[in-house]
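Engineer: Dumping the structure here so I can ask a few things about it.
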Amino acid sequence: MKRLFDTGNAAITEGAILAGCKVFAGYPITPATEIAENMSRRLPHENGFYVQAEDELAALHICIGASLGGLKAMTATSGPGYILYADPYGWALGSEIPVVVLNAQRVGPVSGITGAPGQGEFYLSRYPTHGGNFESIVLAPNSVQEAFSLTVEAFYLAERFRMPITILADQIVTDGWESLLVPETEDEIKQMGLRIATRKINQGPEFYPATDEIDVPPVVLGHNTGAACSDWTPTSDGYDTEEVIWQHKHAYRLIYKVRNHQDILPHYEEIALDDNPDVILVAYGSPSRVVKSAVRAAREQGLKVGAIRLITLWPFPDKAFERSVKYLSVELNFDGQLVREVQRAMPKGSEVHFLGRCGELPKVTELVEAARTLINNQPLESIQWQREAW
Amino acid sequence: MANEAENNRRFKVELDEQACKACKYCLAACPRGVFVQADYFNEKGYRPVRVKAPDDCIGCKRCFFLCPDFAIDVEAATGEDANEKTV
Amino acid sequence: MDYLARKYLRGRKIPSSACSGCGLGQVHKKVLMAIDQIGLTTGDVVWGTGIGCSGRQTFNTWNGDNFAGTHGRVYAIATGLRLALPPSKKIILTVGDGDAFGIGLLHLLHAARRNVDMTVIVADNFGFQSTGGQYGLTTPDGSVTDSSPYGMRDPNWVQDGRDILDIVKGAGAGFLARHTSIEGQNAVESIKQAIRFKGFSLVHIIYPCVTNYFSKALGTRDPEVACRWLTERTNPKTEIEGLTIKTGIYPVTDGNRLEFSEQMQQITQAVQREKSNGAN
């Protein structure tokens with residue numbers, strides 16, 4: 001086991017390389033630039049290639065092209081680049097090509113503040129492209145170590161589900177320095193619970209089955225399998241078609257291969273939920289670290305507070321919200337995104353409230369006081385748009 | 001392409017009437033009037049071009065180059081066909 | 001089906017659903033003739049296509065491996081694919097004028113700059129014809145189209161001293177040529193050179209769209225009239241007004257640059273050599 005002290009960006013690079021990433025194409029953007037830099041240094045040692053693309057449209061298209069040729073590939077960006085991925089992301093979703101996409105969220109909209117964390121792409125990551133008729137898989141690390149392990153996992157899921165996977169990180173996770181364990185042997189990989197899938201090649205002639213199956217190998221070009229993959233609705237053998245029946249089969253496959261196999265996705269973390277707490281804080285990414293501290297602080301003060309920390313954001317883990325309780329969604333935006341999904345998923349009679357911060361993390365005391373207010377059945381005092389009963 | 005030597009050779013020109021979309025590029029291009037438009041329809045509903053005067057083909061391949069639907073083959077005749085001409 | 005189609009194409013999309021009189025098949029056929037005359041098999045080529053008439057009609061016609069990219073991005077896709085494929089595999093892309101010279105121009109230029117080994121066949125029908133006939137990047141100046149009812153005045157890429165091939169050349173393309181689809185073996189010879197070229201090559205081939213472009217511009221769908229119009233304007237001996245088309249191989253300055261994937265391999269090998277030297 002290698003013990004390092006490094007950034008989330010370095011952890012993501014190491015995770016990708018462990019998972020077998022051979023191509024990284026990217027366009028520099030804060031706070032994900034270091035991933036590109038690290039990849040440019042590391043990949044040549046691993047028989048891999050670093051391509052600095054002309055823009056993010058090209059970056060993801062180059063990755064998908066490499067993956068279509070059989071190489072595992074990844075790109076990384078922040079919000080302004082993630083929105084440009086919309087075009088290739090849809091292509092990879094529709095053509096079912098494995099690829100890994102990382103978004104180190106910074107505060108927005110548009111360019112916003114380059115070095116400040118944000119969580120503005122929660123919904124964008126659910127719908128990273130147009131057209132609907134698909135499910136997305138999105139993972140959210142909250143530490144350097146988890147940035148490493150979820151990158152490995154993203155490559156694994158990309159292969160099994162044959163689709164693009166988004167790692168929705170944030171500036172604090174990618175820029176932060178922490179200790180990092182990197183396994184060096186097969187045993188250590190297993191010991192850490194890391195899963196790695198090798199690339200398989202679809203031999204055809206059926207490239208797009210009309211079922212919810214996973215583990216169907218993706219299309220790989222260059223092996224003379226008669227492979228066909230396109231942006232159009234495909235028949236099972238890859239011809240472009242305008243018959244609606246094939247559109248139905250296509251949509252069914254893209255939606256249900258994910259919906260019907262959610263059990264193999266990473267789960268959520270439950271924090272102090274055993275004694276049916278009065279208030280449950282909900283978060284993902286870097287705010288979840290403050291939330292964890294806040295639960296501890298609240299408990300010390302005798303407040304029955306717990307937390308749910310999401311690791312898989314999409315498909316949204318509705319199961320995590322079966323308790324009828326007061327939820328408080330803690331997120332890095334003022335408009336309220338995660339809170340809407342909690343509201344949808346929670347049972348009737350529950351309450352959900354919102355505590356947003358913009359460009360900075362909330363404070364532990366702030367969270368404890370909000371929890372206390374809710375426990376005392378007092379209305380959560382609205383501080384302009386930062387805090388409100390939802 | 002058409003030269004004196006070729007004029008003495010025989011060519012086999014074939015037209016796939018089911019593939020034909022009746023654009024008539026071949027009719028316009030052929031210097032010898034080998035083709036004519038049919039007075040019937042093919043499966044796709046086009047009145048295809050058909051080969052009327054195969055013996056007149058000089059092998060210039062203008063029709064072949066212009067046919068957008070891979071419907072025309074022009075080959076130098078071999079065997080029996082080729083011998084017929086020399087007799 | 002003719003011998004080329006039987007040898008290289010899939011029956012299901014031949015004949016294509018292109019309009020009667022569309023010249024795209026003439027372009028398609030010339031590419032197949034070049035492939036055939038070089039002696040390549042279906043396993044030697046990965047065929048990619050873009051969006052529009054030229055992309056949709058040629059996608060998955062190749063009886064080997066096929067892909068169709070998003071509009072204008074197929075050059076970036078091919079760049080990534082080039083890294084994964086063995087150098088012996090040819091990448092041939094059939095795309096339209098809008099794909100190459102409009103929405104995808106940025107990626108096209110960068111593929112030329114990087115000298116990525118691919119052959120781009122730009123099948124140019126003077127505008128956006130699959131959407132019903134709007135003017136595009138190569139529509140002759142003044143043309144009446146569905147989106148230029150008073151005559152197109154948007155400066156195009158091919159007149160008034162502008163030549164899109166100059167731009168692609170400036171980006172570093174190693175082989176360029178221009179032809180019309182109604183030319184013969186001379187066009188096939190250029191395509192052969194393009195495919196053989198190790199690096200980025202592009203052949204711009206103009207073909208008639210009788211349904212949309214010529215029906216509006218010349219008032220007829222007669223392919224013979226379209227052919228005559230193109231012939232008159234191809235390498236004219238005397239000065240004529242409007243668009244003229246100079247065909248043949250387009251001179252480039254440096255056709256011997258290192259190819260992109262070879263460059264990438266060299267970096268990887270140099271780093272590893274240095275590492276093993278350091279270890280010794």
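Engineer: Could you check, for segment A:223-242, whether at least one of its residues is under 17 Å from A:Phe134 (Cα atoms) and assigned to a helix (DSSP H, G or I)?
Structural biologist: No, segment A:223-242 contains no residue that is under 17 Å from A:Phe134 (Cα atoms) and assigned to a helix (DSSP H, G or I).
Engineer: A further question on this structure: Could you please give the count of residues in segment C:114-138 that are in a loop (DSSP other than H, G, I, E, B), under 30 Å from C:Asp254 (Cα atoms) and in contact with a Ser or Thr (Cβ under 7 Å, 6 or more places away or on another chain)?
Structural biologist: Of the residues in segment C:114-138, 3 are in a loop (DSSP other than H, G, I, E, B), under 30 Å from C:Asp254 (Cα atoms) and in contact with a Ser or Thr (Cβ under 7 Å, 6 or more places away or on another chain).
Engineer: Only one of A:Ala59, A:Ala66, A:Ala76, A:Ala25 is closer than 19 Å to A:Ala158 by Cβ, away from chain C (no Cβ under 12 Å) and of a type outside the set (S, T, N, Q). Can you tell me which?
Structural biologist: A:Ala76
Engineer: Right, here's the next one. Could you give me the residue pairs with C-beta distances under 7 Å whose first residue belongs to segment C:185-199 and is closer than 15 Å to C:His28 by Cα, whose second residue is in a helix (DSSP H, G or I) and of a type in the set (S, T, N, Q) wherever it lies, and which are 6+ apart or on separate chains?
Structural biologist: C:Val188/C:Gln37; C:Lys192/C:Gln37
Engineer: Right, another one. If you take the residues of segment A:28-50 that are at the interface with chain C (Cβ under 7 Å from one of its Cβ atoms) and not in a helix (DSSP H, G or I), which of them is surrounded by the fewest Cβ atoms within 10 Å (Cβ to Cβ)?
Structural biologist: Of everything passing the filter in segment A:28-50, A:Asn47 is surrounded by the fewest Cβ atoms within 10 Å (Cβ to Cβ).
Engineer: Any residue in segment B:39-55 that is more than 16 Å from B:Leu27 (Cβ to Cβ) sitting within a Cβ distance under 6 Å of a residue that is surrounded by 15 or more Cβ atoms within 10 Å (Cβ to Cβ)? List the pairs, counting only those 6 or more apart or interchain.
Structural biologist: Hits for this filter: B:Phe41/B:Arg47.
Engineer: Further, regarding this structure: Only residues that are within 11 Å of another protein chain (Cβ to nearest Cβ) and either more than 16 Å from the chain's Cα centre (by Cα) or touching a residue at least 40 places away in the same chain (Cβ under 8 Å) (or both): list them for segment C:106-122, please.
Structural biologist: Within segment C:106-122, C:Leu108, C:Leu109, C:His110, C:Ala111, C:Arg113, C:Arg114, C:Val116, C:Met118 meet the criteria.
Engineer: Considering (1) within 12 Å of chain A (Cβ to nearest Cβ); (2) farther than 24 Å from A:Met74 by Cβ; (3) hydrophobic (A, V, I, L, M, F, W, C); (4) surrounded by fewer than 24 Cβ atoms within 10 Å (Cβ to Cβ), say which one C:Leu93 fails and leave the rest.
Structural biologist: (4)
Engineer: Of all residues being touching an Asp or Glu at 6+ places or on another chain (Cβ under 7 Å) and part of a helix (DSSP H, G or I) in segment C:83-106, which is nearest to A:Gly65 (Cα to Cα)? Just the residue, please.
Structural biologist: Here the answer is C:Leu106.
Engineer: Still on this structure: State which residue pairs qualify: first residue under 15 Å from C:Gly50 (Cα atoms) and without any contact (Cβ under 8 Å) to a residue 60 or more places away in the chain and inside segment A:230-243, second residue assigned to a loop (DSSP other than H, G, I, E, B) and not polar (S, T, N, Q) in any location, beta carbons under 7 Å apart, and separation of 6 or more residues or different chains.
Structural biologist: Matching pairs, first to second residue: A:Asp240/A:Trp232; A:Asp240/C:Phe59.
Residue-by-condition table, conditions (1) of a type in the set (A, V, I, L, M, F, W, C); (2) surrounded by fewer than 22 Cβ atoms within 10 Å (Cβ to Cβ); (3) out of contact with any Ser or Thr (no Cβ under 9 Å at 6 or more places or on another chain); (4) under 24 Å from C:Gly255 (Cα atoms):
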position: C:Tyr3; (1), (2), (3), (4): no, yes, yes, no
position: C:Lys7; (1), (2), (3), (4): no, yes, no, no
position: C:Arg12; (1), (2), (3), (4): no, yes, no, no
position: C:Cys19; (1), (2), (3), (4): yes, yes, no, no
position: C:Leu24; (1), (2), (3), (4): yes, no, no, no
position: C:Thr42; (1), (2), (3), (4): no, yes, yes, no
position: C:Arg56; (1), (2), (3), (4): no, no, no, no
position: C:Asp65; (1), (2), (3), (4): no, no, no, no
position: C:Ala100; (1), (2), (3), (4): yes, no, yes, yes
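Engineer: Could I ask something else about it? Going through segment C:244-275 one residue at a time, which ones are assigned to a loop (DSSP other than H, G, I, E, B), of a type outside the set (Ser, Thr, Tyr) and away from chain A (no Cβ under 14 Å)?
Structural biologist: Within segment C:244-275, C:Lys246, C:Pro251, C:Val252, C:Asp254, C:Gly255, C:Asn256, C:Arg257, C:Leu258 meet the criteria.
Engineer: May I pose another question? Can you find a residue that is within 24 Å of C:Met118 (Cβ to Cβ) and either away from chain C (no Cβ under 14 Å) or surrounded by 23 or more Cβ atoms within 10 Å (Cβ to Cβ) (or both) anywhere in segment A:175-185?
Structural biologist: Checking segment A:175-185: not a single residue is within 24 Å of C:Met118 (Cβ to Cβ) and either away from chain C (no Cβ under 14 Å) or surrounded by 23 or more Cβ atoms within 10 Å (Cβ to Cβ) (or both).
Engineer: Taking segment C:11-29 as the search range and keeping residues that are out of contact with any strand residue (DSSP E or B) (no Cβ under 8 Å at 6 or more places or on another chain) and part of a helix (DSSP H, G or I), which one is nearest to the other protein chains (Cβ to nearest Cβ)?
Structural biologist: Out of the qualifying residues, it is C:Gly25.
Engineer: Next up: Which of the residues spanning segment C:211-231 are surrounded by fewer than 24 Cβ atoms within 10 Å (Cβ to Cβ) and among the aliphatic types (A, V, I, L, M)?
Structural biologist: Once the filter is applied, which keeps residues that are surrounded by fewer than 24 Cβ atoms within 10 Å (Cβ to Cβ) and among the aliphatic types (A, V, I, L, M), segment C:211-231 yields C:Ala217, C:Leu218, C:Val225, C:Leu230.
Engineer: Here are the criteria: (1) closer than 28 Å to A:Leu4 by Cβ; (2) surrounded by 22 or more Cβ atoms within 10 Å (Cβ to Cβ); (3) not basic (Lys, Arg). Tell me which single one A:Ser143 does not satisfy.
Structural biologist: Only one criterion is unmet by A:Ser143, namely (2).
Engineer: Which residues, counting only those in segment A:194-212, are crowded, with 16+ Cβ neighbours inside 10 Å and either under 17 Å from A:Ala251 (Cα atoms) or of a type in the set (Asp, Glu) (or both)?
Structural biologist: A:Phe207, A:Tyr208
Engineer: Looking at segment A:190-206, can you tell me whether even one residue there is within 14 Å of chain C (Cβ to nearest Cβ), touching a residue at least 60 places away in the same chain (Cβ under 8 Å) and under 24 Å from A:Gly69 (Cα atoms)?
Structural biologist: Yes, the conditions are met somewhere in segment A:190-206.
Engineer: Can you name the number of the only condition in (1) hydrophobic (A, V, I, L, M, F, W, C); (2) within 12 Å of chain A (Cβ to nearest Cβ); (3) in contact with a helix residue (DSSP H, G or I) (Cβ under 9 Å, 6 or more places away or on another chain) that C:Ile103 fails?
Structural biologist: Going through (1) hydrophobic (A, V, I, L, M, F, W, C); (2) within 12 Å of chain A (Cβ to nearest Cβ); (3) in contact with a helix residue (DSSP H, G or I) (Cβ under 9 Å, 6 or more places away or on another chain) one by one, C:Ile103 breaks only (3).
Engineer: Then there's this: Could you list all residues from segment A:269-287 that are buried (at least 24 other Cβ atoms within 10 Å of the Cβ) and of a type outside the set (Phe, Trp, Tyr)?
Structural biologist: The answer is A:Val279, A:Ile280, A:Leu281, A:Val282, A:Ala283, A:Gly285, A:Ser286, A:Pro287.
Engineer: Next question, about the same structure. Could you say which residue among A:Leu328, A:Leu355, A:Leu265 is crowded, with 16+ Cβ neighbours inside 10 Å and either among the polar types (S, T, N, Q) or touching a residue at least 60 places away in the same chain (Cβ under 8 Å) (or both)?
Structural biologist: Exactly one residue qualifies, and that residue is A:Leu265.
Engineer: Specify the residue that is farthest from C:Ser17 (Cα to Cα); the eligible residues are those in segment C:30-78 that are outside any helix (DSSP H, G or I), facing another protein chain (nearest Cβ under 9 Å) and aliphatic (A, V, I, L, M).
Structural biologist: Per the stated criteria, the residue is C:Val46.
Engineer: Considering only segment A:218-229, how many residues are without any contact (Cβ under 8 Å) to a residue 12 or more places away in the chain and either acidic (Asp, Glu) or more than 7 Å from chain C (Cβ to nearest Cβ) (or both)?
Structural biologist: 0
Engineer: A:Lys319 fails exactly one of the following numbered conditions: (1) without any contact (Cβ under 8 Å) to a residue 12 or more places away in the chain; (2) closer than 16 Å to A:Val295 by Cα; (3) under 22 Å from the mean Cα position of the chain (by Cα). What is the number of that condition?
Structural biologist: Among (1) without any contact (Cβ under 8 Å) to a residue 12 or more places away in the chain; (2) closer than 16 Å to A:Val295 by Cα; (3) under 22 Å from the mean Cα position of the chain (by Cα), the lone unmet condition for A:Lys319 is (2).
Engineer: Name the residues in segment C:175-234 that are more than 14 Å from every other protein chain (Cβ to nearest Cβ) and acidic (Asp, Glu), would you?
Structural biologist: Passing the criteria: only C:Glu232.
Engineer: Give all pairs with beta carbons closer than 8 Å in which a residue from segment B:67-85 that is more than 9 Å from chain C (Cβ to nearest Cβ) and closer than 25 Å to C:Gly25 by Cβ meets a residue that is surrounded by 14 or more Cβ atoms within 10 Å (Cβ to Cβ) and modelled with pLDDT under 55; count only pairs at least 6 apart in sequence or on separate chains.
Structural biologist: Cβ pairs passing all conditions: B:Ala76/B:Ala82.
The values are calculated or read from the model by the stated rules, or taken from the named source; none is laboratory data. On a predicted model such as this, the values are computed, not experimentally measured, just so you know. Please note: Cβ atoms are built from the backbone with ideal geometry, for glycine as well, and neighbour counts cover all protein chains shown.
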